[in-house]
Amino acid sequence: MDMTLRWYGPGYDSVTLKQIRQIPGVKNVITTLFGKQAGERWLPEEIAELKRIVEDAGLGIAGIESVNVSDDIKIGTAKADEHIDNYIKTLQALGEADIHVVCYNFMPVFDWTRSELARERADGSTVLAYNQDTVDMIDPEHMKESVAKMSNGFVMPGWEPERLDRLKELFEMYKDVDAEKLFNNLIYFLEAIGPVCEKYDIKMGIHPDDPAWPIFGLPRIMTGKDSVTKLLDAVNKPYNGITLCTGSFGSNQNNDICEIIKACRGRIPFAHVRNLKYNSPRDFEEAAHLSSDGSMDMYKIMKTLYDTGFDGIIRPDHGRMIWDEVAMPGYGLYDRALGATYLNGLWEAIDKSSK
């Protein structure tokens, strides 16, 4: 198991590599070329420079999150094959740079949705939160203004200005895309990138939909055990795997995270392990990683990963804003460092008790 921390790269992240290196047990980061647009090719020299920056700080790159899949690929427009070709060239460059895990998603328009980016909790910390009643009242075409007010001045992943400026156009483009068509376009994409993934031993981990149900009339196709096993069966190759995000799957309280882990055994190259607190079936908020702070049994999740032979990458996911830190919502240093240490402690205890 490789405990990591997500880092958005120079100029985008308030957390420094020097700080990450001081978190016990964290030797690598999950990073990206955050300024690249979906559909663009990542050049070998750009990847080499990112790798140099990370390695000069005494860390390594364990994987990329994300090489974003363009809406043209998801919709299946005339530009889809051009963008897939760029994606293939990007994967080749990553493989040649000895980077072998890529997290991506296939969510239409919005990569993830929250109604609040700084809900205050009883202890004074603030967290990302979701209330369906609030979302039902939101005009999605005005999400740009809403996100800008809540983001502390940071560019939020999945809510980049270039994408938000095109919301009306994107909704029009998706009007004839249902779940079946979206799934078929995902299969087309995975089969097209298969040869380069196999040549360079690249594991693709699709991120589940967040939240795990349709929103704003847009389809969702990675929502639980049945949908992810359908995908793994449809492209039954080692390179086709999932990113196990406990918070995204857990947004739907009907999902059994441990059953998903068992069903996807051997096909989970990457895991985001975080906790949620359920307030009602239509309202949840993100919590500290400690089991008792939320509604999820983090020990049981980590033990199930251990018992199913997981040997991939883990990172703590969205953290609370604590100790007056000002950072990208969900991606400050302090609470994610606490989360990494807690998850490492669980893993050590499980490992020692199993021998």
Among the listed residues Asn236, Asn255, which satisfies the condition of being open to solvent by less than 40 Å² (accessible area, probe 1.4 Å), assigned to a loop (DSSP other than H, G, I, E, B) and either touching a Leu at 6+ places or on another chain (Cβ under 7 Å) or polar (S, T, N, Q) (or both)?
-> Asn255
Residue under evaluation Asp317, criteria (1) charged (D, E, K, R); (2) crowded, with 21+ Cβ neighbours inside 10 Å; (3) at pLDDT 95 or above, criterion not met = (3)
Residues being in a loop (DSSP other than H, G, I, E, B), open to solvent by 20 Å² or more (accessible area, probe 1.4 Å) and under 25 Å from Ile221 (Cα atoms): count how many of those fall in the range 101-125.
-> 1
How many residues are surrounded by fewer than 19 Cβ atoms within 10 Å (Cβ to Cβ) and either over 16 Å from Ala179 (Cα atoms) or more than 17 Å from the chain's Cα centre (by Cα) (or both) when one looks only at the range 204-217?
-> 3
Find the residue count for the range 319-351, including only residues that are of a type in the set (Lys, Arg) and within 19 Å of Leu17 (Cβ to Cβ).
-> 1
Residue tally, condition part of a loop (DSSP other than H, G, I, E, B), over 12 Å from Lys303 (Cβ atoms) and open to solvent by 10 Å² or more (accessible area, probe 1.4 Å), over the range 332-355 = 2
Would you please list the contacts, defined by Cβ atoms under 8 Å and residues six or more apart or on different chains, that run from a residue in the range 205-222 that is assigned to a loop (DSSP other than H, G, I, E, B) to a residue that is of a type in the set (Ser, Thr, Tyr) and crowded, with 24+ Cβ neighbours inside 10 Å?
-> His207/Thr243; His207/Ser248; Pro208/Thr243; Pro208/Ser248; Asp209/Ser248; Asp210/Ser248; Pro211/Ser248; Ala212/Ser248
Regarding Asp283, is this residue among the charged types (D, E, K, R) and more than 29 Å from Phe171 (Cβ to Cβ)?
-> no
Within the range 275-294, is even one residue farther than 21 Å from Asp209 by Cβ, touching a helix residue (DSSP H, G or I) at 6+ places or on another chain (Cβ under 6 Å), of a type outside the set (D, E, K, R) and part of a helix (DSSP H, G or I)?
-> yes
Here are Gly95, Gly63: which of them is in a strand (DSSP E or B) and at pLDDT 95 or above?
-> Gly63
Since Arg41 meets every condition but one in (1) among the basic types (Lys, Arg); (2) surrounded by fewer than 22 Cβ atoms within 10 Å (Cβ to Cβ); (3) part of a helix (DSSP H, G or I), which condition does it not meet?
-> (3)
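The values are calculated or read from the model by the stated rules, or taken from the named source; none is laboratory data. The shown structure was predicted, so the numbers you read here are calculated from the model rather than taken from an experiment. All Cβ positions, even for glycine, are placed from backbone atoms using ideal geometry, and neighbour counts span all protein chains on display. All accessible areas refer to the heavy atoms of the entire protein, side chains included, with ligands and DNA or RNA removed. Shrake-Rupley method; radii C 1.70, N 1.55, O 1.52, S 1.80 Å.
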